[in-house]
Number of protein chains: 2
Amino acid sequence: MMQKGAILVLSGPSGAGKSTIINAASDEIGEYYFSISTTTRDPRMGEQDGVDYFFVSKKEFEEDIKAGNFLEYAQVHGNYYGTSLKPVNQALEQGKLVIFDIDIQGHRLVRAKMDDITTSAFITPPTLKELETRLRARCTDDEEVILRRIANAKEEIRAVGEYDFTIINDTVEEAAQKFIIVAKAARLKQSREDEEKFIQRWLG
Amino acid sequence: MMQKGAILVLSGPSGAGKSTIINAASDEIGEYYFSISTTTRDPRMGEQDGVDYFFVSKKEFEEDIKAGNFLEYAQVHGNYYGTSLKPVNQALEQGKLVIFDIDIQGHRLVRAKMDDITTSAFITPPTLKELETRLRARCTDDEEVILRRIANAKEEIRAVGEYDFTIINDTVEEAAQKFIIVAKAARLKQSREDEEKFIQRWLG
């Protein structure tokens, strides 16, 4: 399979402002495909199938696992979450930058499978305290969810060194400027030929 | 030692156009320090001490090796070539981007010592044949030197996969645009705190 695109993995605590940063930067980073996860959990109010997630049954998900249709997947709080290979490969074949918003386990799995075309950034508020302030300010989650997000964040921050870049989201403008550089750098891995092929062609 | 700068290592065959690309990009990449190598070989016509190289005696060089004053060094065709730590650390402390034009062995040594603040790019003409054409066109080297450069290039290309980026110098304009992105990405590693310190500060 000739893949012409490149992958940009974004991780970081829920509430880090990943979507806001991508939106603020989107005019500058060229055409990209934002990878939509597949999940077995129920849609929440306002969530749309094919926009927020692909919502599938547990049976469908487990069949796709067996068929090897996932780039990565995990079970979290009893629900499956995963990235289907098909739309990702399609976007890569179209030469697009594929952006993932996945957790640290997902990052490790993508790295393991597509390291040569992958760039990654860990996006986070300046401190845990600031994360908590932001999570409470947006008033979308109940106390239990907020506490779980904070507990997750405390664990996830330990993996920051596994990422190519760290983007501290202090102000959206600065973070978006950094994100634009990261996205452009990720695109430079686009069309990276298989190393051995490149060397053979180069030698002539 | 608190290092505020970042390192950008450039490697690639002599004749790849590294200097031309840096010059074409220099207005866009902010303040940088171009690392000057130290060597025991004799200056060639037109070469200036402190500009092209720091020219030193074999005795001085070997004393500096013993004193641990080199970031990296190697012996090539009977002469020593190396990078003194002092000006590099000075530039890093001033928050500058330090650009190295060193070979693949040098890259490995810099990676081993300063991986967390290092970005690297392999710069090369599109093919070996094109490299040969360019080396002959510039009329600065005699046949023996050209043949040695080609032989070296054939070896060095095999290390291309060790670099964060490959920049194919087809046209100077395109290569310079790519170099600007790489240099900006390299700067994002600037002020990267020690990972453990960052995590502790983040947790509060």
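The values are calculated or read from the model by the stated rules, or taken from the named source; none is laboratory data. The shown structure was predicted, so the numbers you read here are calculated from the model rather than taken from an experiment. As a convention, Cβ positions derive from the backbone with ideal geometry for all residues, glycine included, and neighbour counts pool all protein chains shown. All accessible areas refer to the heavy atoms of the entire protein, side chains included, with ligands and DNA or RNA removed. Shrake-Rupley method; radii C 1.70, N 1.55, O 1.52, S 1.80 Å.
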Given the conditions (1) of a type in the set (A, V, I, L, M); (2) within 14 Å of chain A (Cβ to nearest Cβ); (3) open to solvent by 40 Å² or more (accessible area, probe 1.4 Å), every one holds for B:LEU85 apart from (2)
A:GLU196 vs (1) more than 8 Å from chain B (Cβ to nearest Cβ); (2) open to solvent by less than 20 Å² (accessible area, probe 1.4 Å); (3) at pLDDT below 95: all pass except (2)
Kindly establish whether A:THR133 is hydroxyl-bearing (Ser, Thr, Tyr) and part of a helix (DSSP H, G or I). yes
Counting only residues in the range B:98-131 that are open to solvent by 10 Å² or more (accessible area, probe 1.4 Å) and within 10 Å of chain A (Cβ to nearest Cβ), the one farthest from the chain's Cα centre (by Cα) is identified as B:LYS129
Given (1) in a helix (DSSP H, G or I); (2) touching a strand residue (DSSP E or B) at 6+ places or on another chain (Cβ under 7 Å), B:ALA159 misses just (2)
Filtering the range B:12-48 down to residues that are at pLDDT 95 or above and in contact with an Asp or Glu (Cβ under 6 Å, 6 or more places away or on another chain) yields none
I'd like to know if the range A:62-73 contains one or more residues that are more than 18 Å from A:ALA159 (Cβ to Cβ), in contact (Cβ under 8 Å) with a residue 40 or more places away in the chain and within 16 Å of the chain's Cα centre (by Cα). yes
Residue hits (the range A:25-70; open to solvent by 60 Å² or more (accessible area, probe 1.4 Å) and among the aliphatic types (A, V, I, L, M)) are A:MET45, A:VAL51, A:ALA67
Looking across the range A:181-193 at residues that are open to solvent by 40 Å² or more (accessible area, probe 1.4 Å) and in a loop (DSSP other than H, G, I, E, B), the single one that is nearest to the other protein chains (Cβ to nearest Cβ) is A:ARG192
Restricting attention to the range A:134-180, the residues that are farther than 25 Å from B:GLU196 by Cα, open to solvent by less than 70 Å² (accessible area, probe 1.4 Å) and within 11 Å of chain B (Cβ to nearest Cβ) number exactly 1
When B:ILE99 is run through (1) at pLDDT 95 or above; (2) over 23 Å from B:LYS184 (Cβ atoms), the failure sits at (2)
Scanning the range B:7-35 residue by residue, those farther than 23 Å from B:GLU132 by Cα, in contact (Cβ under 8 Å) with a residue 24 or more places away in the chain and out of contact with any strand residue (DSSP E or B) (no Cβ under 9 Å at 6 or more places or on another chain) turn out to be B:ALA25, B:GLU28
